[in-house]
Every structure is written in structure tokens, then in C-alpha cells.
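To start, the structure itself, in C-alpha cells.
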Amino acid sequence: MKKVLFSFTVALATSLGITDCHAQNKFIINADQGKEMISKHIYGHFSEHLGRCIYGGYWVGEDSPIPNTRGIRNDVVQALRDIRIPNLRWPGGCFADEYHWKDGIGPRNLRPKMVNTHWGGVVEDNSFGTHEFLDLCEQLDCEPYICGNVGSGTVEEMSKWVEYITFDGESPMSNLRKQNGREKPWKVKFWGVGNENWGCGGNMTASFYADQYRRYATYCRNYGENRLYKIAGGPNAGDYNWMETLMKSAAGQMQAVSLHYYTVPKDWSDKGSATRFDEAEYFQTIQKTLLMDELLTRHSSIMDNYDPAKKVALAPDEWGTWYNVEPETNPGFLYQQNTMRDAIVAAINLNIFNAHCDRVKIANIAQTINVLQAVILTEGERMVLTPTYWVYRLYKAHHDATLLPLHLTSGKYELNDKSMSAINVSASMDASGKVHISLVNIDPHKTQNIEGELRGVAPKSVSGEILTSSKLDDYNSFERPNTVGIKKFTGAKLNKSGISVALPPLSVVMLEIE
Ligand code: AHR
């Protein structure tokens, strides 16, 4: 009898269009209780001398028919300025611990050619070096983040690189810089002391690296008004011992410690294809990407023991999806396409970083152009903006805004015998008092009807933008570059207590509430 009554009630509610009488999906935002700022540097990028990221991606040379400014592609610069790229990490990656910066200065025709042993064994002619990188950062109006060589370089070499770039006076290195055409020093804030020193950066133990870090960092000096923000080479994913050892030994000598975690759908021997995957693989990708939250929580709690005042930041300066390379491309070039799945991954990770912004102050997606989870793909003079690029466009609204405390109750996205929360969300308030809410509907089938309570504000209007597509594996190709992009979103309405949102399946939405 009870069952019949329940079915009748549901049928009646449905016929009246009341499908949401016990809304499963709810959020409460306390808009007057924000404390922490979401650093814009969480939206940073990483570009290595790897495959076609630097060469072909940014650098085409001054004589190229591709429109450029001093050898750097104009279309790429404009696209990255449009997402207000805040910082750029360079020259690696694994390449950083093999890079000797003096090979990349002076007249280009005299620079030595070397083999890029890590990435495809191709010739590196060093035509893109320190001056070109810092010119690129000036064109992009972003902060450079330079990663120095600990694995195969000397303390002297790293110390001189800092002097060459930032010293404003008479010294052998500043004179050399002037000889090479740059009179005034550059300002460089972010300085990495090695990369993945547990692996390609020298296969060190945690305690050996901690000692090396202290030694190298000592000689990275602050010249004039330049203040280095030193970033130690941190753990691989869940290597908590590395974090513990480093913090115990060197927390007082660093401003941040890096963390590397890649989302690999299957396993390292067969990572899965970027474009040919089924829903089960999508589900697994999202499960794996959600691990970022646990990693940040657990590493932060170790850091709290040594640095309760949170002076040392956690910097996930390499993250993103990593698939098998596209068929018939150089396996050492790590070139992969980028679908709606990647957009969902990007949005989730950025929401996670926002949530941890009391500790996470800088993060860098790997890698900006033509490598791994790229925001831009190029082929000759052609350029394509990927679904991940459009997430960065939407999320500009969170840059340097105040994180708003949020409580979410989410329905489930279920597949076979597994389930996860269907919704992922983050909210912030900008300097002008506008509230921005980034919402992700992970479920590729169901619209999520959400009731949002907004406490501490009296909203007058809501507008929004949406990134969505009908298929998980939709992507932007050179032939069809506009398959996935941003559109106006009209599925949010203000009501007495806040807002109702009908969030379409497989979508990323940014709402603006005034
Ligand atoms: O991003 C590709 C590579 O991944 C980087 O060079 C290295 O740091 C990491 O293992």
C-alpha cells in the first residue's frame, strides 16, 4: 500500500512539474564570511623544451612567415593574454636538470647544439634561451617561473643565473647580460630549485635532496629589490615521506614546495587514448583526478606540523591528464588531443585548488602548447584552442578573488556499481563585490537541478557562461576548431532564498551574481 502511495505521489509531482520537491542538490554560500584569497598564480602554466611546446608552439624565429614579435608567435601570445596567464614555468620539467643556461645566451648562430636526451633525442639548438623566455613573459605580461638545474648543474651555475638575470650593478654576470643586449635587469620572483629530484632530477633520496636544496638555495641571492620566491622540488604524488623529510630539514629556507600529480586514466604502461575512450574510462579518469584533493589535504597536514603559520606554500606545479601520444607522433613529444573530458578534469582541479587556497598559492598545468593537457595546439600557422583553454577563460573570474565558504549536498553520478558526487563547485567574491560560482556537472547524462542559498548578500541579477558539448570525446580539431566553446548560460534564476540552477549534463558553468 505504502509503495502504491509513494508511486502516486511521485507521479502527481511529476505531472505538476514538481520534480525537485526534495532537491538532492543544494549549496549554501556564506558570502560575508570569506577570508582567504585565491591567488591568481593557481592559474599558472608550464612550458618545457619538449616536443613542439617551445619550438613551433611559441618560437618560430624572426624570419618565419608566421606573424611574430622577435620570433614569438603573435596568435599564441594574444590567446594566452586573453586568459590572463599569471605565470609561466620554464625550461622544464626533466629538461631543467639537464639545461645549462649559458648555452642559451649570446648570438643565436653561435649557441651550441645539443641533444634533448629526455624528449625524443632531437637537436636542441638553444635558439630559445633566457632572453627569449623573459621577452615572452613580458609580451604575455606574466611572471616568469624559472626552474634551475640541481641534477647536473653546479651551485655556482645556478647562483650565476640569478645574478645574470637580476643583478643591477657591476658584476661579471650583469656585464655579460649587458653585452648580450639587455641593459636593465629583469625581475624574477618564482625560482625552482630543481625538478623531480626523486626521479629525472638526479634520483636522489629525500634527505640528500633536502641537504642539496639548502645548499643551492643559499646562493640564490636577492639582488636590489628583486625578491626570490624559492620553490623546493617536492614529492611525487603520495610520497609523504619526501614532504616530511623536506619540511623537517628545510622549511625555513623556502617559500613553497612543489607537488607533481598527473591524471593517468589507466596505468603508465597503457595510459589510454585522449580521444577514444568509453564512459567507464571517463569515470575512472574523474575518480583519479579527484585524488588531487586527498593529496593536498594530506601534504598540507604534514606541512602544518612544521609550518603552522602557513608561510610555506604548496605548489602543484605539474598537473593534468597524461594519455598515450596521438598515433603516428613521436612518443617522446607527448602530443595529445584534448576533449570535453579534459575540460571537466581542469575545472575540477581548479575548484580543488581554490578550496585549498590557504596553502596552495601557485599551480601550473602541464603543458601550455602541444604537450599533455595543452590549452593550445598548433600545426604550422594554424592554432586551435582546446576545451581546457575555455575553462581557463571562464575561471579568470576567480583570479585574486576571496574564496567563499560553501557547503554542498550533491546527488550521485552512477555507473555500473560505482558512484561519485555529480556536482563540483567553487565560489569567490571579487574586489567589486561580485560573486562568481563555478559549477561542474560531471554526469554526462542528467541535468542537475540545484538550489543555492546565498547568505550575506542581496543579489539583484545573475548571468552566466557555459562550456558543454554533447559527447565526452568532442574536441576542437584544426578542421573543426569551434566544436567546443563558451556560450551564454540562461539556466540560472534568482529566487527568494538565493538561486536555482539547471546545470546541463557534462558542463562547466561560471555564474556571475551582482
Ligand atoms: O611534463 C612532462 C614531464 O613530467 C616533466 O618533464 C617531468 O617533470 C614530469 O615527469
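The values are calculated or read from the model by the stated rules, or taken from the named source; none is laboratory data. This structure is a prediction, so every number in the text was calculated from the model and none was measured. Note: ideal-geometry Cβ built from the backbone for every residue, glycine included; neighbour counts use all protein chains shown. Just so you know, the surface numbers come from the protein's heavy atoms only, side chains and all, with ligands and any DNA or RNA stripped out. Shrake-Rupley method; radii C 1.70, N 1.55, O 1.52, S 1.80 Å.
Matching residues to (1) in a loop (DSSP other than H, G, I, E, B); (2) crowded, with 19+ Cβ neighbours inside 10 Å; (3) touching a residue at least 12 places away in the same chain (Cβ under 8 Å):
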| site | (1), (2), (3) |
| --- | --- |
| Trp119 | yes, yes, yes |
| Asp135 | no, no, yes |
| Tyr145 | no, yes, yes |
| Val162 | no, yes, yes |
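Cβ-Cβ distances below 7 Å connect the following pairs, each with a first residue in segment 189-214 that is within 16 Å of the ligand (Cβ to nearest atom) and open to solvent by 30 Å² or more (accessible area, probe 1.4 Å), a second residue that is at pLDDT 95 or above and of a type in the set (Val, Ile, Thr), and a separation of six or more residues or different chains: Gly202/Val150. With the structure loaded, tell me whether Gly71 is touching a Cys at 6+ places or on another chain (Cβ under 9 Å) and not basic (Lys, Arg) or whether it fails that test. When the stated conditions are applied, Gly71 does not pass them. Would you check which residues across segment 420-448 are open to solvent by 60 Å² or more (accessible area, probe 1.4 Å) and of a type outside the set (Lys, Arg) and list them? Residues satisfying the conditions are Ala431, Ser432, His445, Thr447. Residues in segment 124-146 include at least one that is at pLDDT 95 or above, among the β-branched types (Val, Ile, Thr) and either over 25 Å from Leu334 (Cβ atoms) or more than 16 Å from the ligand (Cβ to nearest atom) (or both).
When the residues of segment 294-333 are narrowed to those that are within 14 Å of the ligand (Cβ to nearest atom), open to solvent by 30 Å² or more (accessible area, probe 1.4 Å) and in a helix (DSSP H, G or I), which ends up farthest from Asn87 (Cα to Cα)? Top of the filtered list is Pro331. Quick check, is His45 within 16 Å of the ligand (Cβ to nearest atom), open to solvent by less than 50 Å² (accessible area, probe 1.4 Å) and part of a strand (DSSP E or B)? Yes, satisfied.
Would you mind stating whether Thr447 is at pLDDT 95 or above, farther than 22 Å from Tyr43 by Cβ, away from the ligand (no atom under 16 Å from the Cβ) and not aliphatic (A, V, I, L, M)? Taking the combined requirement at face value, the residue satisfies it. On inspection, Ala343 qualifies as away from the ligand (no atom under 16 Å from the Cβ) and either open to solvent by 10 Å² or more (accessible area, probe 1.4 Å) or in contact (Cβ under 8 Å) with a residue 60 or more places away in the chain (or both).
Taking Gly380 as the residue in question, decide whether it is open to solvent by less than 10 Å² (accessible area, probe 1.4 Å), over 27 Å from Ile146 (Cα atoms) and not β-branched (Val, Ile, Thr). It is false that Gly380 is open to solvent by less than 10 Å² (accessible area, probe 1.4 Å), over 27 Å from Ile146 (Cα atoms) and not β-branched (Val, Ile, Thr). Only residues that are modelled with pLDDT of 95 or more and among the aromatic types (Phe, Trp, Tyr) were counted across segment 1-57, and they come to 4. Among the residues of segment 237-261, those identified as among the hydroxyl-bearing types (Ser, Thr, Tyr) and either over 14 Å from Ser301 (Cβ atoms) or within 16 Å of the ligand (Cβ to nearest atom) (or both) are Thr245, Ser249, Ser258, Tyr261. Just one residue in the set Leu110, Leu80, Leu88 is surrounded by fewer than 19 Cβ atoms within 10 Å (Cβ to Cβ), of a type outside the set (S, T, N, Q) and either within 24 Å of Asn236 (Cα to Cα) or at pLDDT 95 or above (or both); that residue is Leu110. Within segment 255-280, restricting attention to residues that are part of a loop (DSSP other than H, G, I, E, B) and free of Cβ contacts under 8 Å to residues at least 12 places away in the same chain, which residue is surrounded by the most Cβ atoms within 10 Å (Cβ to Cβ)? Looking at the filtered set, the residue picked out is Asp278. Gln336 satisfies every condition listed in (1) open to solvent by 10 Å² or more (accessible area, probe 1.4 Å); (2) assigned to a loop (DSSP other than H, G, I, E, B) except (1). For the condition buried (at least 21 other Cβ atoms within 10 Å of the Cβ) and more than 22 Å from the chain's Cα centre (by Cα), Val60 qualifies.
Can you tell me which residue within segment 449-490, out of those that are part of a loop (DSSP other than H, G, I, E, B) and open to solvent by 60 Å² or more (accessible area, probe 1.4 Å), is farthest from Gln336 (Cα to Cα)? Checking each candidate, the answer is Ala458. Can you say whether Ile362 is within 16 Å of the ligand (Cβ to nearest atom) and over 26 Å from Phe478 (Cβ atoms), as far as the supplied structure shows? Yes.
Restricting attention to segment 91-107, and to residues there that are within 16 Å of the ligand (Cβ to nearest atom) and open to solvent by 10 Å² or more (accessible area, probe 1.4 Å), which single residue is nearest to Ala366 (Cα to Cα)? Looking at residues that are within 16 Å of the ligand (Cβ to nearest atom) and open to solvent by 10 Å² or more (accessible area, probe 1.4 Å), I get Cys94. Here is the figure for segment 394-414: residues that are farther than 20 Å from Glu453 by Cβ and surrounded by fewer than 18 Cβ atoms within 10 Å (Cβ to Cβ) total 4. In segment 226-254, the residues that are more than 29 Å from Phe167 (Cβ to Cβ) and at pLDDT 95 or above form Cβ pairs under 6 Å with partners that are of a type in the set (Ser, Thr, Tyr) and surrounded by fewer than 18 Cβ atoms within 10 Å (Cβ to Cβ), at six or more places apart or across chains, as follows: Thr245/Ser207; Met247/Tyr306.
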